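The values are calculated or read from the model by the stated rules, or taken from the named source; none is laboratory data. What you see is a predicted model; the values in this text were computed from it and never measured. Positions of Cβ are backbone-derived with ideal geometry, glycine not excepted, and every protein chain shown enters the neighbour counts.
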There are 2 protein chains.
Amino acid sequence: MASKSSINLSHHLNTLSRSRVPSPLKDIIKYMNEPGMISLAGGLPHPSAFPYSSLQFQVYSPEVDVVLESTDSAPLVDISLGKYSSPDHTNSLSVALQYGVSTGSKSLSAFLYDFVKRVLQPAYSDYEILLHFGNTDAWNKVVNLLCEPGDYILVEEYTYPSAQAVWAPMGCRGVPISMDKDGILPEALGRVLGEWEQVHPGTKRPHLLYIVPTGQNPTGSTLSFERKKEIYEICVKYDVVICEDDPYYFLQIPDYVPPSDRNPEGSLLPAEGERVTDDNLANTLVPTFVSLDYQGRVIRLDTFSKTMGPGNRLGYFVCNPLFSERLLRATEVTTQAPGGWSQSIIEEHLTTWKHEGLLRWFYGLRNIYATRRDWLCDMIFSAFDVRTSPNGIADDYIALPKGHGSERDAEKYIFSFSAPRGGMFLWIRLNLKSNPSYHTLKASGEAYPEGLLETKIWMEMIQEKEIFIFAPLCSTTDTCL
Amino acid sequence: MASKSSINLSHHLNTLSRSRVPSPLKDIIKYMNEPGMISLAGGLPHPSAFPYSSLQFQVYSPEVDVVLESTDSAPLVDISLGKYSSPDHTNSLSVALQYGVSTGSKSLSAFLYDFVKRVLQPAYSDYEILLHFGNTDAWNKVVNLLCEPGDYILVEEYTYPSAQAVWAPMGCRGVPISMDKDGILPEALGRVLGEWEQVHPGTKRPHLLYIVPTGQNPTGSTLSFERKKEIYEICVKYDVVICEDDPYYFLQIPDYVPPSDRNPEGSLLPAEGERVTDDNLANTLVPTFVSLDYQGRVIRLDTFSKTMGPGNRLGYFVCNPLFSERLLRATEVTTQAPGGWSQSIIEEHLTTWKHEGLLRWFYGLRNIYATRRDWLCDMIFSAFDVRTSPNGIADDYIALPKGHGSERDAEKYIFSFSAPRGGMFLWIRLNLKSNPSYHTLKASGEAYPEGLLETKIWMEMIQEKEIFIFAPLCSTTDTCL
């Protein structure tokens, strides 16, 4: 356990979050949840007025090592929840469907606190867990915690578009930081902050960095540990709060090995029958910003969306107690605690699985994504001549038309890419210089030839049904790989 | 069906909501949900990566007439949801736990649209339904849709404290409108708006009225149809948007009849065995503001919290298409759609129950609350001498110490109250003039004798366990009435 407490970062709070007071109603509910206390005026319906009498669900057995395409026949465990609590089962529908304190379930939060302590090992002692409705909800709450209209927010050069849609209408502005396949460049971040007063005289220096460190959407980049350390120190130097939006953290996968370099006997995945141990996964993950955070300046957003299903609408903050308390104040009067069905299902599920079951599930999931990443990259290798990228191009590989792999003019490549080391996205960068359609469009005087070309490509792919190859890491249909 | 469309109220939108653009991600998901379209870059996990394989729950049979204390032995119906859709059951966990469009389930929304059309009969034609996470979430979204910092908001004199906790930190200010047991006084509202420029020169006239029309928390007041009509016309005249926060709408109960006036043979509730018909309930409810709303200036907040359990975190807006579209834009980048477990459970449940089952459930619930209201009021009648209230006091009854009911000095009463006609709250107004402890505290020079007296009363009641009589309409414990 880290011994140092978080430092005081209250000067980062915006006017709105500084002005919030505890909800008078939630105060009543808090007292009411203490043993022996009862509701005075909370407007809590009696559980006999809930029409549901019990709930059962089936989840994969915690011993299952999930591998692609075998999950539907995997052994299951039955979990059920009755209407009322019993001495050996305190959770019940009467609890799940009642108003609760806005922190959500104490036992679910305690499970997650211990899991974070074991797997992420935050570098300060007084971190807290606060449940939220998923990382979209969480990021909105962070923006409303820290940002004033007109603020500049540090973001990745290709930031997650949906995250931008939160702060842009508030009148905030993004400061894009250059990035490559390994995420943002620390020196670019340092330069922007170091030259701020000079370049943007009279404006407030940005004090919030929004970052998706693992399998970033859309670029697929994953930050290395070295870069994380450098970025963290720059944020200490310039007093920047880091919002680490990390839904793909447990979907980190081993480096891609091109088919020609691969041992035909070997596999990147553990041999069949090899048991997953706690350390198999946890020790191969790049530590998080929270793991480096000796000051408590990181707000980590984690979610079950990518690992248990987005419809759970359940995730959690890891952050310092001051931010956690202010986020709770906002939660009380906006979303309230996450849905009771989700909370109780995930709580029962995780209590059954324990840490080991959860880690084993994550391990199985990442194997699925590794298989898909390999399948997709192998497809590109088989359809194109692929060469490693010369210096000066950020991506690892360039793809040339079949039979042109030995050409000396690297400008003739069709697209470049890097094999992702996590998440769900493979980012393909088209080389417009080599594209005749682009030159035709440009010569015709079109104002935005890139956009027209993009539409043309998508439409052709849709018509030829070849679009499927662009979505092999994830999908919403049952039939798609 | 009303034939008139809503009028254009876009000038009510605040800068934030006017600035919102559709989420680029949700646009992809929308296309993806069309037949034949697939995900391009939505980050949607494959359903084989959801660990849950099926769900079952038990809900009261739709034929059950719920009456107090008999619900736990009522007949049940089993509902289950498989992992994948089948031709005869399109809903599934693969759908429920996936990302969806932020509108939420189309079929649940369609059910609610039809239910609203049948029971509330909005007075304009193009109203829409949008799912939300419960009325706290919904009110927060309305404030962020319409209010600028510094705005004045029209509220009931004793407004719901938790609602105030949303706008107060934003720098908005409440304009309390006088009220009695029948809700706010239309003439008071008209006066405030009519004299606005004179009384508050140089400030923007309020353009939003927040109101809890049924069983208001904390006063227990319910607006009459006559008052609603007057209030609506005043809002038309002064161009005010009405936010109707109506969680207790279906918990309207018949007028209280004091024990001495009651037919000892009769009961306020339908005789045992009497079947509930559709019209029993719907035709005895005071029409809503939406039912009067020929312009589309009402945003109605409805929720399943008080009727199915607060933990569902599910409710819906009824409002004009312009407001609905802007609320959807905000939903996309904040909460996203309500939780998948809640949506699919409520959808399956309502599909099984149909309109009739739902109306019968509401009818049974209101009977429970009527019984409780009667029990509580009867307790007061038996413990005190109760007289109808003389003119000039807003409440219906005054309670005097036993044996003092014939005293001519009405100032000697201990407290006054009105029997609520809906909801969960009975508001008791202490008569401090007659309270010796209050006079002692005041004479001692205490700055806030009311607060000290309040604490003293609560503490004494907690110690004597008599506090139970203050929470008979609702509770969080299984044992409490």
**Complete:** Those residues of region B:443-460 which are of a type in the set (F, W, Y) and more than 16 Å from B:I428 (Cα to Cα) amount to B:Y448
**Request:** Please give the number of the condition B:S107 fails out of (1) within 30 Å of B:L9 (Cα to Cα); (2) more than 10 Å from every other protein chain (Cβ to nearest Cβ); (3) touching a Leu at 6+ places or on another chain (Cβ under 7 Å).
**Result:** (3)
**Item:** Residue check for B:I253: under 19 Å from B:S291 (Cβ atoms) and touching a residue at least 40 places away in the same chain (Cβ under 8 Å)
**Value:** no
**Fill in**
With criteria (1) surrounded by fewer than 21 Cβ atoms within 10 Å (Cβ to Cβ); (2) free of Cβ contacts under 8 Å to residues at least 40 places away in the same chain, B:D395 comes up short on (2)
**Request:** Show the residue pairs that are 6+ apart or on different chains and have beta-carbon atoms under 8 Å apart, the first residue being within region B:448-471 and of a type outside the set (V, I, T), the second being in a loop (DSSP other than H, G, I, E, B) and at pLDDT 70 or above.
**Result:** B:L452/B:E446; B:L453/B:N435
**Prompt:** Name the pairs whose Cβ atoms lie under 8 Å apart, with the first residue in region A:303-323 and touching a residue at least 60 places away in the same chain (Cβ under 8 Å), the second of a type in the set (S, T, N, Q) and in a strand (DSSP E or B), and 6 or more positions between them or separate chains?
**Reply:** A:L314/A:T303; A:G315/A:T303; A:Y316/A:T303
**Asked** So B:D239 clears everything in (1) crowded, with 19+ Cβ neighbours inside 10 Å; (2) part of a loop (DSSP other than H, G, I, E, B); (3) not aromatic (F, W, Y) except one condition, right? Which one?
**Response** (1)
**Request:** Give the residues of region A:285-314 that are among the β-branched types (V, I, T) and away from chain B (no Cβ under 14 Å), sorted by residue number.
**Result:** A:V286, A:T288, A:V290, A:V298, A:I299
**Complete:** Scanning region B:394-429 residue by residue, the ones that are within 15 Å of B:P254 (Cα to Cα), away from chain A (no Cβ under 14 Å) and in contact with a Ser or Thr (Cβ under 6 Å, 6 or more places away or on another chain) total 1
**B:W375 being farther than 24 Å from A:F304 by Cβ, touching a Pro at 6+ places or on another chain (Cβ under 7 Å) and surrounded by fewer than 21 Cβ atoms within 10 Å (Cβ to Cβ)** = yes
**Request:** Name the single residue, out of those in region B:331-366 being more than 7 Å from every other protein chain (Cβ to nearest Cβ) and of a type in the set (V, I, T), that is farthest from A:V333 (Cα to Cα).
**Result:** B:T352
**Request:** Just need a number here: residues in region A:129-167 that are under 17 Å from the mean Cα position of the chain (by Cα), modelled with pLDDT of 95 or more and in a loop (DSSP other than H, G, I, E, B).
**Result:** 2
**Item:** Hits in region A:101-111 - residues which are surrounded by 21 or more Cβ atoms within 10 Å (Cβ to Cβ) and assigned to a helix (DSSP H, G or I)
**Value:** A:L108
**Prompt:** If B:D395 satisfies every condition in (1) part of a loop (DSSP other than H, G, I, E, B); (2) within 26 Å of B:T136 (Cα to Cα) but one, which is the exception?
**Reply:** (2)
**Item:** Qualifying residue in region A:315-330 (condition: at the interface with another protein chain (Cβ under 8 Å from one of its Cβ atoms), part of a loop (DSSP other than H, G, I, E, B) and under 30 Å from A:R18 (Cβ atoms))
**Value:** no
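Quick one: which residue in A:D126, A:D88 is over 20 Å from the mean Cα position of the chain (by Cα), under 30 Å from A:R205 (Cα atoms) and surrounded by fewer than 19 Cβ atoms within 10 Å (Cβ to Cβ)?
A:D126
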**Asked** Checking A:L473 against (1) farther than 27 Å from A:S389 by Cα; (2) at pLDDT below 75, which test does it fail?
**Response** (1)
**Which numbered condition B:T71 fails, given (1) at the interface with chain A (Cβ under 7 Å from one of its Cβ atoms); (2) farther than 30 Å from B:V142 by Cα; (3) at pLDDT 90 or above** = (3)
**Asked** Being within 14 Å of another protein chain (Cβ to nearest Cβ) and either crowded, with 21+ Cβ neighbours inside 10 Å or within 25 Å of B:M170 (Cβ to Cβ) (or both), is that true of even one residue in region A:182-203?
**Response** no
**Message:** Looking at the structure I just gave you, is A:L93 in contact with a strand residue (DSSP E or B) (Cβ under 8 Å, 6 or more places away or on another chain), facing chain B (nearest Cβ under 8 Å) and at pLDDT 80 or above?
**Reply:** yes
**Message:** Take the conditions assigned to a loop (DSSP other than H, G, I, E, B), closer than 24 Å to A:V95 by Cβ and at pLDDT below 95 and apply them to A:T335. Does it pass?
**Reply:** yes
**Item:** region A:168-212: number of residues that are more than 18 Å from the chain's Cα centre (by Cα) and not in a strand (DSSP E or B)
**Value:** 29
**Message:** Here is a check on your reading of the model: is A:I346 β-branched (V, I, T), under 30 Å from B:N144 (Cβ atoms) and either crowded, with 21+ Cβ neighbours inside 10 Å or at pLDDT 95 or above (or both)?
**Reply:** yes
**Item:** Residues of region B:242-260 that turn out to be assigned to a loop (DSSP other than H, G, I, E, B) and among the hydrophobic types (A, V, I, L, M, F, W, C), as a count
**Value:** 2
